[in-house]
Amino acid sequence: MTDEDETQSLSIFEGPEDERAKRLVQERAKVGDGWRKLINDLDDQLSLLLGDYDVLQIKEQYGGLRFYILLTHRHADLNRIQALRAIADTERESLSTCEGCGEDGYTDYHAGWYKTLCEKHHEELDEVMASAARDAARQWLGVPEVQ
């Protein structure tokens, strides 16, 4: 099932938990599929700790997962602390999980970006970036592409 399918199937429901699930699917689509399990496991933990909670944003930054939620007065202090720890643990785990496939990975720098990927995905990204750089240089120099 794709994220779009999940969003469509959730749209028939109403209520805060269903809205959160819909938002979670939309935000999860902004990062690689390799982090899907991390996000789903974190959502399960947060649901147990907080019950209903609001997902504000999920993104990749400096090679790691960032997960932002709204905590309010209705969440007990101890539960808020545990929720923040769960988020921090998941974000830390993302730094050793390939964003592309979910296998063991490491963070490396690629022409302006930090990405956490497995060896295979780091190599693929390097190839894509080298190819794009060659194409850009050819275009700038006015050199036709060699067939």
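Label-to-label distance, residue 47 versus residue 92, with points set 7 angstrom from Cα along the beta-carbon direction: 2.5 nm. Anisotropy class assigned to region 107-147 is oblate, per the alpha carbon gyration tensor with a/c at or over the 1.5 cut-off and a/b no larger than b/c. A DSSP coil position with no more than 14 other Cβ atoms inside 10 Å describes the following GluC sites (Glu not before Pro) in region 101-147: 103, 145.
How high is the FRET efficiency from residue 134 to residue 84, r the C-beta distance, R0 35 Å, rounded to 0.05? Don't skip to the end; give the middle numbers.
Details: r = 45 Å, r/R0 = 1.29.
Efficiency, from the Cβ-Cβ distance: 0.20.
Its residues counted as N, the chain yields a C-alpha radius of gyration over 2.2 N^0.38 Å of 1.31. With R₀ set to 30 Å, the beta-carbon distance separating residue 126 from residue 19 gives a calculated FRET efficiency near 0.15.
For the chain, what is the calculated [θ] at 222 nm in deg cm²/dmol (nearest 500), taking -39500 (n - 2.57) for each run of four or more DSSP H residues and dividing by its residue count?
Working: 5 runs with 77 residues, N = 147.
Computed mean residue ellipticity for the chain: -17000 deg cm²/dmol.
Number of Lys-Lys pairs in the chain with C-alpha atoms under 18 Å apart and a separation of 8 or more places or on different chains: 8.
All of the numbers you see were taken from the coordinates with simple rules; none came from a lab. Because the structure is a prediction, the values reported are computed rather than measured. Neighbour counts are summed over all protein chains in view; Cβ atoms, including those assigned to glycine, are modelled from backbone coordinates with ideal geometry.
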